[in-house]
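Worksheet: one structure, shown below.
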Amino acid sequence: MLWTPDGKLLVVALVVDDSIAYFDAGSVSFDRQAGTQRSPQRLAISSDGAMLFSLSRYENAFSFADLSESGERRFVSSIPVGRNAFNMAISADGKTLYTAHSQLDNTISVIDVRLMKVMNTIPGGNTPFGMLSIK
């Protein structure tokens, strides 16, 4: 789970329901639920709060949702990444998303957020799991 950068929404991955729940921070109440790929394992959000990314370990892909004021907070597309996708992080400038693929691939996918395309796949060492983006 994570907060949007403006602190208005709490976003929670509902692994068993294959969906994401949104909670309004102002009223401390459930706002809505949106379906995503099977078993969303990890979440990341862009620094401007406009895009939400959900990583599915079992689908080997990530989905993204538009969280902007005009967006519907539903997932609009998914992008395949390496096998056994386990974790992800977004760069501080919000332009690049990284996904770690452990055990089967031992790689990291480098995704251009604007193009929503895997631009590169690099060696990730032995079983890459945790990821963190530092400014």
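Computed values, structure above
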item: Close pairs from segment 114-129: first under 27 Å from ASP48 (Cα atoms) and at pLDDT 85 or above, partner acidic (Asp, Glu) and surrounded by 13 or more Cβ atoms within 10 Å (Cβ to Cβ), Cβ under 7 Å, at least 6 apart; result: MET119/ASP112
item: Tally of residues being among the charged types (D, E, K, R), crowded, with 16+ Cβ neighbours inside 10 Å and within 11 Å of ILE79 (Cβ to Cβ) across segment 105-127; result: 0
item: Cβ pairs under 8 Å, 6+ apart, first in segment 25-51 and under 20 Å from SER70 (Cβ atoms) and touching a residue at least 24 places away in the same chain (Cβ under 8 Å), second of a type in the set (Asp, Glu) and loosely packed, with under 14 Cβ neighbours inside 10 Å; result: SER47/ASP93; GLY49/ASP6
item: Where SER27 falls short, out of the listed (1) modelled with pLDDT of 85 or more; (2) surrounded by 15 or more Cβ atoms within 10 Å (Cβ to Cβ); (3) under 18 Å from VAL12 (Cβ atoms); result: (2)
item: Subset of segment 85-124 [assigned to a loop (DSSP other than H, G, I, E, B) and more than 15 Å from the chain's Cα centre (by Cα)]; result: ASP93, SER102, GLN103, LEU104, ASP105, ASN106, LEU115, GLY124
item: Some residue of segment 40-52 being in contact with a strand residue (DSSP E or B) (Cβ under 9 Å, 6 or more places away or on another chain), over 21 Å from TYR22 (Cα atoms) and surrounded by fewer than 19 Cβ atoms within 10 Å (Cβ to Cβ); result: no
item: Residues satisfying the stated conditions in segment 19-52, i.e. within 28 Å of ASP112 (Cα to Cα), out of contact with any Gly (no Cβ under 9 Å at 6 or more places or on another chain), part of a loop (DSSP other than H, G, I, E, B) and of a type in the set (Ser, Thr, Tyr); result: THR36, SER39
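The values are calculated or read from the model by the stated rules, or taken from the named source; none is laboratory data. None of the values given here were measured: they were computed from a predicted structure. Note: ideal-geometry Cβ built from the backbone for every residue, glycine included; neighbour counts use all protein chains shown.
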